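Asks: Can you read through this structure? Questions will come right after.
The values are calculated or read from the model by the stated rules, or taken from the named source; none is laboratory data. These numbers were taken from a predicted model, which means no experiment stands behind them. In this analysis, Cβ positions are derived from the backbone assuming ideal geometry, glycine residues included, and neighbour counts consider all displayed protein chains. Accessible surface is based on the protein model in full, side chains and every heavy atom, while ligands, DNA and RNA are left aside. Shrake-Rupley method; radii C 1.70, N 1.55, O 1.52, S 1.80 Å.
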Amino acid sequence: MLLTPQATPIQEVRDPLLDQCGVRLLVKRSDLVHATISGNKWYKLKYNLLAARQQGQKTLLSFGGAYSNHIYALAAAGDEYGFKTIGVIRGEACQPLNATLQFAVERGMTLRYLNRVDYREKESPVLLEQLQQQFGQFYLLPEGGTNALAVQGCREMLEGVTEPFDIVACACGTGGSFAGVVAALNGQQQALGVAVLKGADFLGNAVEHWVWQSIAQRQSNWRIEYDYHHGGYAKVTPELFVFMQRFEQMHGILLDPVYTGKLFFALYGLAAKGYFDRGTTLLAIHSGGLQGRTGFGLS
Ligand SMILES: Cc1ncc(COP(=O)(O)O)c(C=O)c1O
């Protein structure tokens, strides 16, 4: 199974708002790594797919909400690399399916719904046993796809970056992708994570845990900003919407309101507050997530 990533460019964003603050912004267009397994999802799945293949597993099973980027990418990856896929979805079945689940089904994914109470027990041995009885053996990926192999893959998100930068920035859900980036830092480089969930206090420990698992050493050159969630996961404020619209029009880069919109909004907001020294070069990872949909009504 060939899992070599398509090379993705670095795009410089020239913007008077950043010029005023003396900040240079480069964007790592990891969103372009694959048409449907975009951004961090490609890297998170890479070593998991290889492990599943090595173990002789034919089926991949994972969990997610009805709008999960991870479920979408898993369905695409299963279809492309010859695995059956099962998506265990939080909540009740709804018809017609939304675009994420419709795509997943078109790519051959079997959906199994769990009500919100049972979903909380999603990784209990009892439920996993039931799922095995229903579907047979499977390779299990956690909700959001973060595990040690996912972090290993995300360490490769900065591979091939030759442009010097001071701070690499990445949106954080579970923190797995950011942990991979932190584990890959060199020398004086620093990393900045932007939490997209409200009350994401778990992130600091999660990132430390995954970095330790990955490179068996502590890194102190990273931090997480918690004030840019815009009300919580998948919540959008008018300011965020306006920002994304301006950004897309000026720079031709589509952002999603759940992850990358919040990341770039935070970078602009922090720059305006003088958070970055003048002369700082930021490298923002565009972790994908638009799932082939265009613009969320933005364009
Ligand atoms: C576009 C995008 N960016 C960032 C993330 C956050 O990734 P993580 O859960 O590894 O923090 C996700 C979730 O997979 C995502 O879909």
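Asks: Any idea which of (1) surrounded by fewer than 20 Cβ atoms within 10 Å (Cβ to Cβ); (2) under 20 Å from the mean Cα position of the chain (by Cα); (3) not in a helix (DSSP H, G or I); (4) not charged (D, E, K, R) is the one LEU50 doesn't satisfy?
Replies: (3)
Asks: Looking for something away from the ligand (no atom under 13 Å from the Cβ), assigned to a loop (DSSP other than H, G, I, E, B) and crowded, with 16+ Cβ neighbours inside 10 Å - is there at least one such residue anywhere in segment 213-223?
Replies: The answer is yes, given that some residue of segment 213-223 is away from the ligand (no atom under 13 Å from the Cβ), assigned to a loop (DSSP other than H, G, I, E, B) and crowded, with 16+ Cβ neighbours inside 10 Å.
Asks: Considering only residues that are open to solvent by 30 Å² or more (accessible area, probe 1.4 Å), within 16 Å of the ligand (Cβ to nearest atom) and within 16 Å of GLU12 (Cβ to Cβ), which ones fall in segment 249-267?
Replies: Within segment 249-267, none qualify.
Asks: Here's something else I'd like to know. Can you report the number of residues in segment 166-196 which are open to solvent by 20 Å² or more (accessible area, probe 1.4 Å) and either in a helix (DSSP H, G or I) or among the aromatic types (Phe, Trp, Tyr) (or both)?
Replies: 0
Asks: Something else: What are the residues in segment 28-62 that are within 13 Å of the ligand (Cβ to nearest atom) and of a type in the set (Val, Ile, Thr), if any?
Replies: Residues satisfying the conditions are VAL33, THR36, ILE37.
Asks: Okay, next question. If a residue has to be open to solvent by 90 Å² or more (accessible area, probe 1.4 Å) and assigned to a helix (DSSP H, G or I) to count, how many in segment 104-123 make the cut?
Replies: Final tally of qualifying residues: 3.
Asks: Another question, if that's okay. Checking the condition of a type in the set (A, V, I, L, M, F, W, C), over 27 Å from LYS235 (Cβ atoms) and outside the structural domain of PRO164 (by TED's automatic domain parsing), which residue from ALA51, ALA35, ALA73 passes?
Replies: Just one listed residue meets the conditions, ALA51.
Asks: Of everything in segment 124-165 that's more than 16 Å from the ligand (Cβ to nearest atom) and among the charged types (D, E, K, R), which residue is most open to solvent (accessible area, probe 1.4 Å)?
Replies: Step one: filter segment 124-165 for residues more than 16 Å from the ligand (Cβ to nearest atom), giving 124-140, 159-165.
Cutting the leftovers down to among the charged types (D, E, K, R) gives us 129, 159, 163.
Details: GLU129: 99, GLU159: 119, GLU163: 73 Å².
Checked segment 124-165; the qualifying residue most open to solvent (accessible area, probe 1.4 Å) is GLU159.
Asks: If you don't mind, another one. What tally of residues in segment 166-188 results from selecting those that are under 24 Å from VAL23 (Cβ atoms) and within 12 Å of the ligand (Cβ to nearest atom)? Break it down into steps so the answer makes sense when it comes.
Replies: To start, the set of residues in segment 166-188 that are under 24 Å from VAL23 (Cβ atoms) comprises 166-172, 177-178, 181-182, 184-188.
Okay, now just the ones that are also within 12 Å of the ligand (Cβ to nearest atom), so 169-172, 177-178, 181-182.
Total satisfying the criteria: 8.
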